[in-house]
Amino acid sequence: MAERTKYILDEADMPARWYNVVPDLPEPPPPPLHPGTREPIGPDDLAPLFPQALIAQEVTTERYVDIPEEVLDVYRLWRPSPLFRARRLEKALGTPARIYYKYEGVSPVGSHKPNTAVPQAFYNAAEGVTRLTTETGAGQWGSALAFACATFGLECEVWQVRASYDQKPYRKLMMETFGATVHPSPSELTASGRAILAADPGSTGSLGIAISEAVEQAAQAENTRYALGSVLNHVLLHQTIIGEEALKQFELAGDTPDVLVGCTGGGSNFGGLAFPFLREKLAGRMDPVIRAVEPAACPTLTRGKYAYDFGDTAGLTPLLKMHTLGHDFIPDPIHAGGLRYHGMSPLISHIYELGLIEALAIGQEDCFAAGVQFARTEGIIPAPEPTHALAACIQEALRCKETGEEKVILTALCGHAHLDLPAYGAYLAGNISDHELPEEALAQSLAGLP
């Protein structure tokens with residue numbers, strides 16, 4: 001009988017709980033601080049931005065959180081998502097390694113982002129909120145929240161980073177098709193946007209700026225709350241359904257990963273895959289190397305400072321202890337828009353500081369080369385973001401070719417590139433170049449830390 005290439009769970013086997021990694025860590029992560037008092041924030045401080053249910057999840061010490069039936073019902077549109085064995089890529093590389101990828105591009109918007117957008121919209125609607133504001137880079141998160149808001153009858157307003165707004169017009173059209181209103185950021189609609197444009201009329205924007213605009217709007221309006229697509233604990237909590245499914249699928253495959261690789265921008269895709277496997281590692285049931293991969297142009301883990309910083313440019317958010325390039329940092333407009341954030345999830349930053357995961361940075365030329373090789377072997381054109389993880393997977397597989405090791409490599413392919421094809425067009429035309437972050441630019445942005 002031919003060996004399996006695809007491992008699919010029945011709907012009945014879909015996990016019914018999200019996993020919270022915090023209780024299993026050797027020490028708890030540092031708390032967020034109030035931007036004014038610099039004291040640890042309480043639930044009341046977050047109430048203008050988030051519904052109570054999400055605030056409770058943000059600070060929970062419970063190991064598991066039940067997924068509401070209304071959320072599971074929407075998840076069933078695409079979950080459980082498949083786990084693939086990349087046999088054709090293995091053959092092309094001539095490697096003895098076994099490469100698996102958990103494919104999240106099967107969701108309605110083509111990425112992992114609805115895993116948290118759906119519960120966020122559900123909890124807001126349940127508490128009487130009628131409108132959500134948010135930011136988006138490449139547009140994957142904005143598309144996911146627009147879809148989720150349409151599902152639960154909420155208005156959705158999105159500030160999209162200007163560089164991505166111009167690069168990816170079809171993302172804007174997808175958001176608008178789901179009923180969202182989309183603005184390029186920085187915009188003239190907010191005080192923070194106007195301040196940025198006054199200083200730099202040609203600003204290409206950043207996720208930090210777009211967050212400032214969305215937070216400012218949410219804080220000023222009744223029945224409006226803010227939704228974030230990455231970074232915060234409750235977002236990573238919702239994404240752990242990826243890793244929980246993957247664990248069950250590895251049982252079907254009769255295999256165990258030796259190396260787990262994920263792309264990291266804010267950390268939701270990486271944490272979603274890695275945290276359930278980290279639980280197993282901490283319990284001594286397996287021992288994978290867990291590796292985070294980020295862009296060389298936005299290297300938060302590998303070159304950022306572990307310090308308290310604002311999550312946004314205008315300084316409206318709580319102070320988060322995280323690896324940061326500085327909240328004033330404006331990244332080069334590389335095509336992996338979802339990875340262009342100045343900070344890293346506080347939880348992933350903490351786990352990195354504990355020495356439980358590794359990190360490396362890769363330039364976008366190598367990433368697109370990996371994406372093209374993956375497309376030509378496996379038949380899926382990956383979004384620019386997961387090409388970072390794929391490049392690292394290929395590096396690992398080629399090392400195995402040299403050593404003869406039969407390592408098992410796992411990654412999360414967090415989305416497809418059907419709406420990112422202009423980026424591939426630029427690469428194929430030879431118009432993609434690497435952006436290495438200069439040391440003086442990094443020092444300048446870190447000088448503004450609070």
Cβ pairs under 7 Å, 6+ apart, first in segment 151-165 and closer than 26 Å to Y123 by Cβ, second open to solvent by 50 Å² or more (accessible area, probe 1.4 Å) and among the small types (G, A, S): C156/G179
Wholly enclosed helices (runs of 4 or more DSSP H) of segment 341-450 bearing at least 2 residues acidic (D, E) and surrounded by 24 or more Cβ atoms within 10 Å (Cβ to Cβ): none
Filter result for R38 (basic (K, R), surrounded by fewer than 13 Cβ atoms within 10 Å (Cβ to Cβ) and within 26 Å of V215 (Cα to Cα)): yes
Residue check, V65 more than 25 Å from K6 (Cβ to Cβ), open to solvent by 10 Å² or more (accessible area, probe 1.4 Å) and in contact (Cβ under 8 Å) with a residue 40 or more places away in the chain: yes
Failed item, numbered, when V235 is tested on (1) under 27 Å from the mean Cα position of the chain (by Cα); (2) modelled with pLDDT under 95: (2)
Sole exception among (1) touching a residue at least 24 places away in the same chain (Cβ under 8 Å); (2) within 28 Å of T300 (Cα to Cα) for G179, by number: (2)
Residues that are in a loop (DSSP other than H, G, I, E, B) and either in contact with a Phe, Trp or Tyr (Cβ under 7 Å, 6 or more places away or on another chain) or surrounded by 16 or more Cβ atoms within 10 Å (Cβ to Cβ) (or both), drawn from segment 91-107: T95, A97, E104, G105, V106, S107
Pair list, Cβ < 9 Å and 6+ apart or interchain, from segment 428-450 residues that are over 19 Å from D312 (Cβ atoms) and without any contact (Cβ under 8 Å) to a residue 40 or more places away in the chain to residues that are surrounded by fewer than 14 Cβ atoms within 10 Å (Cβ to Cβ) and among the small types (G, A, S): N431/G425
Residue tally, condition more than 17 Å from Y64 (Cβ to Cβ) and in a helix (DSSP H, G or I), over segment 275-288: 1
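The values are calculated or read from the model by the stated rules, or taken from the named source; none is laboratory data. Everything numeric in this text was worked out from a predicted model, so none of it was measured. Neighbour counts are summed over all protein chains in view; Cβ atoms, including those assigned to glycine, are modelled from backbone coordinates with ideal geometry. For accessibility, only protein heavy atoms count, side chains too; no ligands or nucleic acids. Shrake-Rupley method; radii C 1.70, N 1.55, O 1.52, S 1.80 Å.
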